[in-house]
Amino acid sequence: MAAGETRQAIEAVFRIERARLIGGLVRILRDVDQAEELAQDALVVALAEWPETGVPANPGAWLMTVARRRAIDALRRDRMRARKHEQIARDMDAEAGFAEETDPAAGGDPGDELLGLIFAACHPVLSADVRAALTLRVVGGLTTEEIARAFLASEPTIAQRIVRAKKTIARAGLGFEVPRGAARAARLASVLEVIYLIFNEGYAATAGEDLVRPDLCLEAQRLGRILAGLMPDEAEVLGLLALMEIQASRLAARVGPDGALLTLTEQNRARWDQLMIRRGLDALARAEALGGDGPYVLQAALAACHARARSPGDTDWPRIAALYDRLRVVMPSPVVDLNRAVAHSMAFGPETGLRLIDAIAGADALQGYAPLPAARGDCLFRAGRRAEARAQFEAAARLSRNARERAFLLARAEACD
């Protein structure tokens with residue numbers, strides 16, 4: 001394997017293991033910044049050694065062993081600063097045994113470590129916007145720019161939130177275990193929001209050359225399945241899992257052979273993953289049986305409408321429009337209103353959609369948001385107003401930071417001729 005390919009393979013392994021590695025480290029260090037630094041140090045060691053020795057059979061355990069050893073060394077050098085660090089170091093010595101084959105999951109499920117990290121990031125001591133930003137950075141591995149796009153906020157604002165969150169957690173001395181009872185219920189909404197934002201960044205990357213980032217989708221789905229296992233009677237947890245499974249079933253069909261974005265009407269539905277669809281529909285049925293009518297259950301029901309349609313013409317757009325009418329009540333948002341406008345345009349005509357879009361176009365959250373002119377362009381195109389549609393698609397392309405999405409929007413502009 002060439003040096004460049006070896007490096008790519010190592011970095012791919014690290015991306016997979018990164019969140020689990022940080023989750024395990026932060027539970028014993030109680031310091032997010034230090035856990036991130038040690039995880040990065042472990043990557044540097046892997047980049048130096050693995051090209052010579054090969055990728056170990058259990059790369060996650062190898063990385064954790066290296067990181068834990070360095071953590072022990074650092075704590076021993078810093079004994080005078082905090083007496084409790086000595087006890088942590090002794091506990092880590094006993095747990096790790098200084099064996100090369102140390103399993104990072106020793107003493108607990110790796111899923112618990114990840115969920116513990118997420119629930120800590122979603123602790124009430126942090127404000128809601130800070131909780132989501134921190135978890136996306138630490139668990140999802142997203143850049144501050146990607147998180148800013150997800151929140152429709154500026155990059156400096158997100159960076160400040162993350163720094164502030166880490167300092168707050170360190171000062172409060174928060175534990176990184178999965179809470180139980182009322183504490184878990186109180187933080188659940190934030191956790192669900194964060195997992196879904198991670199999924200969305202994978203499903204439709206906000207920046208870069210890649211339209212989709214399946215690794216993020218898989219990580220979000222995995223976290224959703226773990227959470228559903230912990231809370232099998234929570235409708236919204238099942239709703240989120242159903243939504244992600246159904247959406248992920250279309251990943252392989254969303255991009256054409258040339259890497260271009262394919263809309264729902266253009267996708268080859270034979271390429272949709274039927275196993276994921278069945279899993280999603282099953283989770284949705286369980287959520288609805290529990291009486292679920294929250295945001296994630298409703299969004300899963302929307303996704304199910306598309307999953308059940310054998311062809312674009314079979315899509316039940318009136319039902320989708322009605323579901324969006326209910327969704328905007330339980331989850332008011334300019335983005336939901338925009339999607340509702342698109343659904344109404346498909347159910348009742350493009351002019352209806354244009355009226356609804358015009359009514360929300362002034363919302364602050366939609367300024368500089370590429371889907372707004374893209375949706376207006378689509379309605380104008382279907383209404384036969386091609387010149388106006390072209391201008392809107394071009395405006396959307398200028399706002400998009402994703403290369404594939406930009407190419408798609410420019411192609412739609414050209415089609416207006």
Linear extension gain, R164 paired with R180, 0.36 nm per residue minus alpha-carbon span
3.2 nm
Can you work out the Karplus-derived ³J(HN,Hα) for every residue in the stretch 187-204? Use 6.51 cos²θ - 1.76 cosθ + 1.60 with θ = phi - 60°, whole Hz, and x for glycine or proline.
9, 4, 4, 5, 5, 4, 4, 5, 4, 5, 5, 4, 4, 5, 5, x, 6, 8
Keeping all protein chains in place, calculate the accessible area per residue for the stretch 196-326 (probe 1.4 angstrom), answer in Å².
42
Total charge dipole magnitude, the chain, about the Cα centre, Cβ charges on Lys, Arg, Asp, Glu only, Debye to nearest 20:
780
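For the chain, what is the relative contact order in percent, using Cα pairs closer than 8 Å and at least 6 residues apart in sequence?
11
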Summed over the other residues with a beta carbon less than 12 angstrom from that of T315, with K and R at +1 and D and E at -1, the charge totals +2
Which residue fluctuates most in the GNM of the chain (Cα springs below 10 Å): A270, A132, A71?
A270
Helix-only mean residue ellipticity at 222 nm, the chain, DSSP H runs n ≥ 4 weighted -39,500 (n - 2.57), per residue, nearest 500. What is it?
-23000 deg cm²/dmol
Charge context of R326, other residues only, Cβ under 15 angstrom, K/R +1, D/E -1
-3
Measure off 7 Å from each Cα along the Cα-to-Cβ vector at A172 and T6, then give the distance between these two points in nanometres to one decimal.
4.5
Mind checking which of G54, G280, G259 has the largest fluctuation in a GNM of the chain, springs on alpha carbons under 10 Å?
G54
Considering only F381, F176, F393, give the residue with the highest GNM mean-square fluctuation for the chain, with springs between Cα atoms whenever their separation is below 10 Å.
F381
Sticking with the crude label model, points 7 Å out along Cα→Cβ, report the distance from M331 to A309 in nm, one decimal please.
1.9
Solvent-accessible area, 1.4 Å probe, carbon plus sulfur percent, for the chain:
51
Set the Förster radius R0 to 41 Å, insert the Cβ-Cβ distance between R382 and D210 as r into 1/(1 + (r/R0)^6), and round the FRET efficiency to 0.05.
0.90
Expressed in nm to one decimal, what extension gain is obtained for the pair V45 and Q367 from 0.36 nm per residue of sequence separation less their Cα-Cα distance?
111.5 nm
Charge dipole of the chain built from unit charges on the beta carbon (Lys, Arg +1; Asp, Glu -1), centred at mean Cα; most positive-end Cα among I16, L399, P59 is L399
Separation in nanometres of the label points that stand 7 Å from Cα toward Cβ, at R355 and L218:
4.8
For V255, the residues 5 or more places away or on another chain with a placed amide H closer than 5 Å to its own amide H are L262
Multiplying the sequence separation of E266 and T53 by 0.36 nm and subtracting their Cα-Cα distance, what value in nm do you get?
72.0 nm
With semi-axes √(5λ) of the Cα gyration tensor in Å defined as stated, name the option among (1) 36, 24, 21; (2) 41, 23, 21; (3) 43, 39, 23 computed from the structure displayed.
(2)
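Where Lys and Arg each count +1 and Asp and Glu each count -1, what net charge lies around G368 among other residues with Cβ under 11 Å from its Cβ?
Summing Lys and Arg as +1 and Asp and Glu as -1 gives +2.
The values are calculated or read from the model by the stated rules, or taken from the named source; none is laboratory data. Values in this document were obtained by computation on a predicted structure and should not be read as measured data. Here the Cβ is made from the backbone with ideal geometry for all residues, glycine too, and neighbour counts use every protein chain on show. Surface accessibility is based on the protein's heavy atoms, side chains included, excluding ligands, DNA and RNA. Shrake-Rupley method; radii C 1.70, N 1.55, O 1.52, S 1.80 Å.
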